[in-house]
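The numbers here are math on the coordinates, done by the rules we state, and not lab data. Please read these numbers as outputs of a predicted model, since none were measured by experiment. So basically every Cβ, Gly included, is an ideal-geometry build from the backbone, and we count neighbours across all protein chains shown.
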Amino acid sequence: MNQQQLLKFLGIPLIFMGLISIGSTPAQANDKELNLYSARHYQTDEALYSDFTKKTGIKINRIEADDNALAERIKSEGSNSSADVILMVDAARLWRAQIDGFFKPIHSKYLESRIPANLRSKPDAEGSTWFGFSTRARLVVYNKAKVNPRDVDTYEKLADPINKGKVCTRSGAHPYMLSLIGAMIERRGEVATEEWAKGMVANMARPPRGGDTDQIKAVASGECGVALTNSYYLVRLLRSNKPEDQELVSKIGFIWPNQKTTGTHINIAGGGVAKNAPHPQAAIQFLEYLASDSAQQYFADGNNEWPVVVSVKINNEGLKLLGSFKAENISVAAIGKNQISAQRLLDRAGHK
């Protein structure tokens, strides 16, 4: 039984796609195969990988799972892991992967020149690192019939007594929430952030549950007055032609929080070269491709994320509808580093 047959027998979802040198990126590789472990689950990424195929000739063997399952798999495989590239969603997850020793040191002037320093990690003691390739913002959505937007135009105001019984969020254990709290810890300190978290919990309309789209729907229905959501969930609804989605959108407003102060919290999707990568040069080539103009445009147009390369222009009408905003200028690596403190803080605040 060969490797492909064995993986099929074990029920491992490998997707083989013929893939081909990026031309504009500096890394050159003789490897014509790449094993991609990805926690990204967006169908629109198929076009991203197909484009890499056409430009490199490298065959991609793709394994997809959620971040936790992917991490457990990598741990169980140990030094025998076949992963070349690991892609994850959220700074907290990427930081944990680095701490767990999943990444190896790489040196790419191309990546360092394309990706801003605050959107990539600092090398750890072993020199390993990871890079962000797309960003998303943590927005406030509110019910236009029930909430005055001036009452919810900062994250801090979600804890104000004026919003008692109006706030909805997803679980306090979810990385989106942990990263937001990690950012607040970084700029406000733990004491002030914990007081804020207690105030927000006191204002909740219901116990935390569901994903970001569920929060938006609950705001539109009036069950909640205000909620947090990642920007690309909102843009999906804005771009939808379904009448029910358009009706939903008509009932809500959105806000870029903290525009007069620290800016709106942003998070990333990113990745790095796996520690025991059997095809390290192909892995670097793939990461460099993700920082290329064409790939950055795929992130924006395909999954409603913003490019990390500031010079890349987007054609996504949904993102354009959101307009421009002031982003929080905090290192995503620092946000990830604060996730343990963030979880303990939320536990103490009673955010289940």
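Once the C-beta distance of ARG236 and ALA69 is scaled by a Förster radius of 35 Å, the resulting FRET efficiency is 0.90 to the nearest 0.05. Once the chain from ARG344 to LYS313 is taken as fully extended at 0.36 nm per residue, the excess over their C-alpha distance is 7.2 nm.
Given R0 = 41 Å, the distance between the Cβ atoms of SER250 and THR53 translates into a calculated FRET efficiency of 0.50. Let a ≥ b ≥ c be the square roots of the eigenvalues of the Cα gyration tensor of the range 202-264; is it rounded (a/c under 1.5), or, if not, prolate (a/b larger than b/c) or oblate? Oblate is the answer for the range 202-264, as a/c is 1.5 or above yet b/c matches or exceeds a/b. Using only the alpha-carbon atoms of the chain as identical scatterers, what base-10 log of I(q)/I(0) does the Debye formula give at q = 0.07, 0.10, 0.13, 0.14 Å⁻¹? The calculated log intensity ratios at q = 0.07, 0.10, 0.13, 0.14 Å⁻¹ are -0.30, -0.62, -1.01, -1.15.
With Cα atoms defining each centre, the range 123-179 and the range 186-215 are spaced 8 Å apart in the structure.
Is there a quick way to get the dipole size of the chain? I mean about its Cα centre, with the Cβ of Lys and Arg at +1 and of Asp and Glu at -1; what is the value in debye to the nearest 20?
Using Cβ point charges on Lys, Arg, Asp and Glu, the chain gives about 560 debye.
Label zone (GLU195, point 7 Å along Cα-to-C-beta; backbone nitrogen cut-off 20 Å) within the range 139-157: 152-157. Within the shell of other residues whose beta carbon sits under 12 angstrom from the beta carbon of GLY210, the net charge comes to +1, with Lys and Arg scored +1 and Asp and Glu -1.
For the range 266-352, the square roots of the Cα gyration tensor eigenvalues, ordered a ≥ b ≥ c, give a/c of at least 1.5 with a/b no greater than b/c, which places it in the oblate category. Placing unit charges on the Cβ atoms of the charged side chains and taking the dipole of the chain about its Cα centre, the candidate lying farthest along the positive direction among VAL141, GLY78, GLY271 is VAL141.
Order of HIS174, HIS265, HIS107, HIS351 from fewest to most other C-beta atoms within 10 Å?
HIS107, HIS174, HIS351, HIS265
Within the range 247-277, find all residues whose amide N lies under 12 Å from a label point positioned 7 Å from the Cα of ASN329 along Cα-to-beta-carbon. Zone members listed by number: 262-263. Placing unit charges on the Cβ atoms of the charged side chains and taking the dipole of the range 246-352 about its Cα centre, the candidate lying farthest along the positive direction among SER250, SER311, LEU290 is SER250.
Classification of the range 138-219 by its C-alpha gyration tensor yields an oblate form. The axis ratio a/c (a ≥ b ≥ c) is 1.5 or more, and b/c is at least a/b. Here the residues THR53, THR135, ranked from fewest to most Cβ neighbours within 10 Å of their Cβ, fall in the order THR53, THR135. Going from the residue with the fewest nearby Cβ atoms within 10 Å to the one with the most, GLU46, GLU64 rank GLU46, GLU64.
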